[in-house]
1. Could you list, in sequence order, the residues of the stretch 52-89 that are surrounded by 11 or more Cβ atoms within 10 Å (Cβ to Cβ) and either at pLDDT 90 or above or not in a helix (DSSP H, G or I) (or both)?
2. If we keep just the residues of the stretch 20-36 that are at pLDDT below 85 and part of a helix (DSSP H, G or I), which is surrounded by the fewest Cβ atoms within 10 Å (Cβ to Cβ)?
3. Return the total of residues in the stretch 130-177 being part of a loop (DSSP other than H, G, I, E, B), modelled with pLDDT of 70 or more and surrounded by fewer than 10 Cβ atoms within 10 Å (Cβ to Cβ).
Amino acid sequence: MTEIELSITRLAALGRSPYQIEVELGFPPYTIHQKYHAALQEGYARMARLEDSKSNESMTAPAEPIERQEKTTEEMSQREKLAETRRLYYQSHRSEIREKQRRYYQANKEKVAQYQRQYQQANKRKIAESRREYYRANKEKFAEWSRQYKARKRREKITQQGESAWPENQMPTGDQNGAGLK
């Protein structure tokens, strides 16, 4: 068996699905079923034998948990290695990175604002279309916000006038059942 087939067998014996194995090893979809079917089935057979032997042992002694084996650096793809290196670096230098970003922004506020204006001018139609799509998707939410805004403005106008906008003799009082105006 090759190194790849051994990895597939080991992962299948741990109970991983073919999709999970493909993702972990960086294969395109359905490659395992087409090229490494025998190794995959061998892994699942190993898992079944392991479960059978554990069920027989469970009557005599408690089963020991299977420890998940972490990938060694040889098993990791180049992309996974790079992602892991970046993640660890960012995690250990988070405050320094944020401080550098803050200093850069403070030093280049005008340049950043200019780039933002240029981007907005260049992509005006695309931005407007995405806003329209967002509005269409959330029409009810916007209608509720609009109602709340208008009601707040009406209340502010009434309080600014000091008195009610209604003449004293035409002030609404509600119906006879006690349901007043909101």
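The values are calculated or read from the model by the stated rules, or taken from the named source; none is laboratory data. Everything numeric in this text was worked out from a predicted model, so none of it was measured. Backbone-built Cβ (ideal geometry, glycine too); neighbour counts: all protein chains shown.
1. Those that are surrounded by 11 or more Cβ atoms within 10 Å (Cβ to Cβ) and either at pLDDT 90 or above or not in a helix (DSSP H, G or I) (or both): 63, 66, 71, 75, 76, 77, 89.
2. My answer is 34.
3. Residues flagged as part of a loop (DSSP other than H, G, I, E, B), modelled with pLDDT of 70 or more and surrounded by fewer than 10 Cβ atoms within 10 Å (Cβ to Cβ) within the stretch 130-177 amount to 0.
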